[in-house]
Amino acid sequence: MAAASSTSAAAAAAARAPALAAFTSLLTARRFAQARSALPSLLTPRLLAVPFADLAAASLPRAAPLHAVAAFHDMLFRAYADAGAADRAAEALDLTVSRLGRLDPRSLTSSLLSLRRAGQLAAAADILRRALTSCPDSVTPLSASVVVDGFCKTGRVADARQLLDEMPRHGVKPNALCYNSLLDLYRRQKYGSQVLEVIKVMDKEGIEATVGTYTILVDCLSADKDIDKVEALIDEMKQKNVAGDVYFYTAVINAYCHAGNVRRASEVFDECVGNGIEPNERTYGVLINGFCKIGQMEAAEMLLEDMQGRGVGHNQIILNMMIDGYCRKGMLDNALTIKTAMEKTGIELDIYTYNTLACGLCRVSRMDEAKTLLHTMIEKGVVPNYVSHTTLISIHCKEGDMVEARRLFREMAGKGAVPSVVTYNVMIDGYIKKGSIREAERFRKEMEKKGFVPDIYTYASLVHGHCVNGKVDVALKMFEEMKQRGTKPNVVAYTALISGLAKEGRSEEAFWLYDEMLKAGMTPDESLYSALVGSLHTEKRKDTIPQTK
């Protein structure tokens, strides 16, 4: 069988002999560019089946000059990797080192990139390890980072760490580029302790942090809203004369926005532009989002215009941020104008766009428009999620149509949208407003049976419902149950229960809860105080009414 395979390989090489001879002639004449252009057409599947040692023996004349031999080995090594022929690339590497004693570092890096792009990360790691063992001088931190980054991008942290540990044993010292990939992986996985561990290793090994390292660290600290440490990193960068790039400035702007200091974020944006660094879509996006979150829509609009003036295109995410900002401010007509502009320019409206607009329309009681929008979304092929279904159910609840709300609720699961605690709360609140506390309690029991834990809104609605129905003692028990479960009562729950007690003339209990509410830092409205005063009159009247025997 082996003999037959060898014969077939020899036949393939013989069939391409004239072309191979022309290729080696180009190498001998130092016409490397032409040789490189001709190579892809030579590597047919039949020729790729030929072992590299056989191909080299059949193609290179014995008197071939050294530069032609070196170029032949180097070009074939790269070409094999480009073609995804990892086994042949490994053969070429071994024979090249054996015959020439070296490997071009650029060829190694290029080949590793080709294999990684082809999805052959394991083969790339094998090639790198062969090079580390046989010709460590050819391995640069850049070539190593190709494989380390590949491992990190696919979540193979143990393989990445092992490779980083192996490199110094072969005399190759990793640089920050290698460690940045590992840091970024830990950042994405939110493993703060591992980030600190890697930083300690870098310090111990004397590896200087790059702007990329600082960017990753700022992103980590941003998630924790630790702005003091972010500012300490900025100072450290300045002391070490590490210049920031657009990604670093974007990370810092994002950190300040996360911490709620949008004014400072805006100053950093101006500093970025002042230093001649062009902001990109994400730079604008994080600052626009910051302004939208605090309701400064005029500032967000100015940034949007600045984007357009600088030729930075608006994308779906940024325009969705603007829509969300307008909806939070109740500026629905402005939000709908953005929606129309998106449709005219061909920017896709996604589930987030529709849900944000529908919720915004509901908040300003434009129910019919919200319903029409959600039905249009479905007609256009955008699959509704649990938010869409919950919004539609909420509309019917507010309209008092509990039959339709219940029908939509029961249909959710069949349409791939599982009801959430919020969905159950909407149904519970709808039934309470309809005066059906029994149905509301049924939904509460169903949600608990399905593993959902009632939250403050669940309890507040039910406390209110029982008080309205004159079952204040039941409401009191529920209020205590809520506290025992670790759920802190909110203003709505306190107000409902105090009002219920006040109506029954139970002023002592009502005032006790009122004091508890104040101690919790909550501000009651005037109607609650009026109810408390009224409870004193009710209690007094009860005292003067003759008791029948």
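Determine the pairs where a residue that is assigned by the TED database to the domain that holds L501 and under 15 Å from S499 (Cα atoms), located within region 512-525, has a partner that is modelled with pLDDT of 90 or more and surrounded by 12 or more Cβ atoms within 10 Å (Cβ to Cβ) with Cβ atoms under 6 Å apart, the partner being 6 or more residues away or on another chain.
none
Mind listing whichever residues of region 477-495 are under 17 Å from A440 (Cα atoms) and surrounded by 18 or more Cβ atoms within 10 Å (Cβ to Cβ)?
Answer for region 477-495, where residues must be under 17 Å from A440 (Cα atoms) and surrounded by 18 or more Cβ atoms within 10 Å (Cβ to Cβ): M478, F479, M482, A493.
Restricting to region 438-465, what's the tally of residues that are open to solvent by less than 20 Å² (accessible area, probe 1.4 Å) and of a type outside the set (S, T, Y)?
Residues in region 438-465 being open to solvent by less than 20 Å² (accessible area, probe 1.4 Å) and of a type outside the set (S, T, Y): 8 in total.
If I filter region 168-187 down to residues being open to solvent by less than 60 Å² (accessible area, probe 1.4 Å) and small (G, A, S), which single residue comes out as nearest to R156 (Cα to Cα)?
Taking the candidates together, the pick is S181.
Let's see how each residue does on (1) under 23 Å from Y186 (Cα atoms); (2) in contact with a helix residue (DSSP H, G or I) (Cβ under 6 Å, 6 or more places away or on another chain); (3) crowded, with 16+ Cβ neighbours inside 10 Å:
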residue: D219; (1), (2), (3): yes, yes, yes
residue: K225; (1), (2), (3): yes, yes, no
residue: Y249; (1), (2), (3): yes, yes, yes
residue: N254; (1), (2), (3): yes, yes, yes
residue: H258; (1), (2), (3): yes, yes, yes
residue: S266; (1), (2), (3): no, no, yes
residue: C272; (1), (2), (3): no, yes, yes
residue: F291; (1), (2), (3): no, yes, yes
residue: G295; (1), (2), (3): no, no, no
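Is it fair to say L349 is open to solvent by less than 70 Å² (accessible area, probe 1.4 Å) and within 23 Å of the chain's Cα centre (by Cα)? Before you say what the answer is, go through the steps one by one.
Numbers: open to solvent by less than 70 Å² (accessible area, probe 1.4 Å): yes; within 23 Å of the chain's Cα centre (by Cα): yes.
Answer is yes for this residue.
Within region 91-102, which residues are in contact with an Asp or Glu (Cβ under 8 Å, 6 or more places away or on another chain) and either in a loop (DSSP other than H, G, I, E, B) or open to solvent by 20 Å² or more (accessible area, probe 1.4 Å) (or both)?
Result: R102, single match.
Can you tell which of R130, R187 is in contact with a helix residue (DSSP H, G or I) (Cβ under 7 Å, 6 or more places away or on another chain) and either under 23 Å from E91 (Cα atoms) or hydroxyl-bearing (S, T, Y) (or both)? Can you show your working first?
Numbers: R187 fails: either under 23 Å from E91 (Cα atoms) or hydroxyl-bearing (S, T, Y) (or both).
Testing whether each residue is in contact with a helix residue (DSSP H, G or I) (Cβ under 7 Å, 6 or more places away or on another chain) and either under 23 Å from E91 (Cα atoms) or hydroxyl-bearing (S, T, Y) (or both) leaves just R130.
Since I498 meets every condition but one in (1) outside any loop (DSSP other than H, G, I, E, B); (2) at pLDDT 85 or above; (3) open to solvent by 30 Å² or more (accessible area, probe 1.4 Å), which condition does it not meet?
Going through the list (1) outside any loop (DSSP other than H, G, I, E, B); (2) at pLDDT 85 or above; (3) open to solvent by 30 Å² or more (accessible area, probe 1.4 Å), I498 breaks only (3).
Do we find a residue being open to solvent by less than 20 Å² (accessible area, probe 1.4 Å), over 16 Å from G465 (Cα atoms) and touching a Cys at 6+ places or on another chain (Cβ under 6 Å) anywhere in region 398-418?
yes
The values are calculated or read from the model by the stated rules, or taken from the named source; none is laboratory data. These numbers were taken from a predicted model, which means no experiment stands behind them. As a convention, Cβ positions derive from the backbone with ideal geometry for all residues, glycine included, and neighbour counts pool all protein chains shown. Areas reflect the complete protein model, heavy atoms only, side chains present, ligands, DNA and RNA absent. Shrake-Rupley method; radii C 1.70, N 1.55, O 1.52, S 1.80 Å.
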